[in-house]
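Take a look at the structure set out below.
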Amino acid sequence: MTDKRSLKGQAFLIGAILVCVMFFLGLPKSMPIMESSSNDLHYFSLGIRRELPMALNFGLNESAPIPYLKNFTLYSENTINGYYANFSSIWVVSRNLTGTGINITVGNFLGSDTSVNLTISGTEKQLSVKNNATNSTTFSSISQEFNLTIEYGSESKTLTWQRNKVNLYASFGITRENNKVSEEIVA
């Protein structure tokens, strides 16, 4: 009689072990335990739209607008990449020079080297910009209000800017799998 009781206990233990083993074998094939929501791309985009012009203003206050803007862009890229999303951007900044000239700087963070065409009043200049770098050019004899056409890849944008003001145009995208957010900033 004692043999049947011990066999019942052994059968119970073996059954419990089999249930645990089946549970843990099936766990990796089920949905991930933690998954990021796709809504975070929207929040990243809101933060970039708000903070990128502020980074430029902070850089202007410190007399180093381009290094501050470049560092902020690299910081944003590294932060967003930490959330398994890809961040790419390009920005163009114009600053007044003495007289009627302006300096235009292009920052390329698109993931590869690119060529950017800048056109003001029929004068076209082409800049080659390495990835994660900036390049600058100057235009002289610019009117107080001018139209700037920016062309890179298959993109083209025409903006009306003021010569005596620091101007910013930025285009960025954040992607993760099938989710994508694309924005433009004009400030």
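The values are calculated or read from the model by the stated rules, or taken from the named source; none is laboratory data. Fair warning: this is a prediction, and the values are worked out from it, not measured in the lab. For neighbour counting, all protein chains shown are included, and Cβ atoms are generated from backbone atoms with ideal geometry for every residue, glycine included.
Details
- The C-beta contact set for the range 116-132 (first residue over 11 Å from Ile150 (Cα atoms), second residue of a type in the set (D, E, K, R), distance under 6 angstrom, 6+ apart or interchain) comprises Lys130/Asp113; Asn131/Asp113.
- Restricting the range 144-174 to residues that are under 19 Å from Gly47 (Cβ atoms) and in contact with a helix residue (DSSP H, G or I) (Cβ under 8 Å, 6 or more places away or on another chain), the residue that is surrounded by the fewest Cβ atoms within 10 Å (Cβ to Cβ): Leu168
- Residue in the range 34-42 that is more than 21 Å from Ser171 (Cβ to Cβ) and assigned to a strand (DSSP E or B) present: no
- Of all residues making up the range 160-187, the number that are in contact with a Pro (Cβ under 8 Å, 6 or more places away or on another chain) and assigned to a strand (DSSP E or B): 2
- Breaking point among (1) modelled with pLDDT of 95 or more; (2) surrounded by 13 or more Cβ atoms within 10 Å (Cβ to Cβ); (3) not aromatic (Phe, Trp, Tyr), for Ile120: (1)
- Checking Thr100 against (1) modelled with pLDDT of 85 or more; (2) within 27 Å of Thr160 (Cα to Cα), the condition it does not meet: (1)
- Screening Gly101 on (1) small (Gly, Ala, Ser); (2) surrounded by fewer than 15 Cβ atoms within 10 Å (Cβ to Cβ); (3) closer than 27 Å to Thr119 by Cβ; (4) within 13 Å of the chain's Cα centre (by Cα) shows it passes everything except condition (4).
- Residue, nearest to Leu69 (Cα to Cα), within the range 121-159, restricted to residues that are small (Gly, Ala, Ser) and assigned to a loop (DSSP other than H, G, I, E, B): Gly153
- Condition check for Val106: in a strand (DSSP E or B), in contact with a Gly (Cβ under 9 Å, 6 or more places away or on another chain) and under 18 Å from Leu168 (Cβ atoms): no
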